[in-house]
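Please read the structure below before turning to the comments.
The values are calculated or read from the model by the stated rules, or taken from the named source; none is laboratory data. In this text the structure is predicted, and so the values were computed from the model without any measurement. Glycine also receives a Cβ, built like all others from the backbone with ideal geometry; neighbour counts cover every protein chain displayed. Surface areas here come from the heavy atoms of the whole protein model, side chains and all, with no ligands, DNA or RNA. Shrake-Rupley method; radii C 1.70, N 1.55, O 1.52, S 1.80 Å.
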Amino acid sequence: MADRPFTRADLDLLRRWDTPTICNALELVVPARRGRGFTLQPFVCADPSLPPICGLARTGQIRAAAPSGRSKEQDRAARIGWYEYVADADLPTIVVIEDLDETPGFGAFWGEVNSNVHKGLGCLGCVTSGSFRDLDMLAPGFQIIGGMINPSHAHVHMVDFGRDVIVHGMPVMHDDVVHADRHGAVVIPAEAVKALPAAIDLCARREAVILDMAKRDDFDIHKLKDALSKADEIH
């Protein structure tokens, strides 16, 4: 088991909050990352009703627009190698796949089979610039946020895995902590994981002062200024 500054319970706890809330808290805990580390393009969400997911990144790269150029045996070995890589984890994982095709999403890697296989291997879900399909047959509770929906898997094949990837502007490395939901995804620095709940509480207390005032019948610009001032005083 790797020596990490957080536990499974710490990751499970972060699933209580949506990804925008995690981003807000990161602005307090690691302010230098305020402008990076999160996705910058919209996704299609397989099931917006599912709760957020948080786990260790298992990274991969795919193509689908043309055959791999490998033999059937080599393609199978690459796929098995990927599954072995995904399965080698002591904590819940999130698969992060970069689609390298000129038109990402040409062929869907994700559908009924791969969602069930990956769920069985300990994955909570996937973040990908590629596509997915089989909307009514995806593994229950397995979240996918992808670049598009596509009915065919075309020539989809694994190109590489375990290396750095970029998905919708978010750089991700193997074993990074990733938090994701219907809004997108963010990488959480390992040293920030345990500090986030307290930062989330602080953000919530500051916002409550402003929200409570804004919902009053006598709310006006003067009361807003007063609420903003009071919020700044909360530490």
So for the pair N116, D212, with labels modelled 7 Å out along Cα→Cβ, what separation do we get in nm? 5.1
Percent relative contact order of the chain, based on C-alpha pairs within less than 8 angstrom and at least six residues apart? 29
Label of the coordinate-derived value, volume of the Cα convex hull per residue in Å³, listed as (i) 122; (ii) 140; (iii) 169: (ii)
Could you compute the longest span of the chain free of GluC sites (Glu not before Pro) located in DSSP loops and having at most 11 other Cβ atoms within 10 Å, not counting the site residues? 103-232
Quick check: net charge around K119, other residues with Cβ under 15 Å of its Cβ, Lys/Arg +1 and Asp/Glu -1? -2
Give the longest segment of the chain that steers clear of trypsin sites (Lys or Arg not before Pro) in DSSP loops with at most 10 neighbouring Cβ atoms within 10 Å, not counting the sites themselves. 1-214
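Using R₀ = 30 Å, calculate the FRET efficiency as 1/(1 + (r/R₀)^6) where r is the Cβ-Cβ separation of K230 and E191; round to 0.05. Display every interim value, and only then the final one.
Values: r = 31 Å, r/R0 = 1.04.
Rounded to the nearest 0.05, the efficiency is 0.45.
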Regression test value, accessible area per residue of the chain, probe 1.4 Å, units Å², expected 51
So for the stretch 121-168, averaging the separation of alpha carbon pairs under 8 Å that are six or more residues apart and normalising by length, what relative contact order in percent results? 40
Summing -39500 (n - 2.57) over every DSSP H run of at least 4 in the chain, dividing by its residue total and rounding to the nearest 500, the 222 nm mean residue ellipticity is -10000 deg cm²/dmol
Leaving ligands, DNA and RNA out of it, report the carbon-plus-sulfur percent of the accessible area of the chain at a 1.4 Å probe. 54
